[in-house]
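Before any comments, here is the structure.
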Amino acid sequence: MPTKLKLDIDDEEIVRITISVPESLAARVDDYLAFNEKRINKKIPKAYLIQQMLQACLDDDKDFQKHLSAKPAAVKVAKSEAPAGGQPAALGQIPRVSDNADSPGNPPGAAFN
């Protein structure tokens with residue numbers, strides 16, 4: 001069962017990164033955004049949704065978590081930390097990124113439900 005994204009407020013400083021994705025992935029992100037906006041009946045900024053999706057992906061990667069646990073405590077990132085984004089906590093929770101076996105050609109973890 002997929003876990004849920006938490007839309008919590010955090011005072012962490014935001015750093016801008018830019019990526020290019022295939023058009024089909026961008027369309028899927030738009031569909032995912034529309035699905036969640038309808039589900040919680042609130043507007044969600046796309047950048048904020050993507051922040052939460054990326055955080056969930058990193059938190060769910062068990063090998064990466066093992067890697068982090070081997071680091072000295074001073075450089076570990078708390079699993080519960082969520083990027084800021086300036087959105088009210090009232091947005092609720094949205095489903096996390098999960099594998100979708102019905103999508104041929106997509107690597108595990110690339111699909112959105």
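Going through (1) part of a loop (DSSP other than H, G, I, E, B); (2) modelled with pLDDT of 90 or more; (3) among the polar types (S, T, N, Q) one by one, S103 falls short only on (2). Scan the range 17-45 for residues that are in contact with an Asp or Glu (Cβ under 9 Å, 6 or more places away or on another chain) and surrounded by 14 or more Cβ atoms within 10 Å (Cβ to Cβ) and jot them down. Residue satisfying the conditions is I44 alone.
The values are calculated or read from the model by the stated rules, or taken from the named source; none is laboratory data. Quick caveat, the model's predicted, so the values are computed rather than measured. Don't worry about glycine lacking a Cβ; one is built from the backbone with ideal geometry, like all the others, and counts go over all protein chains shown.
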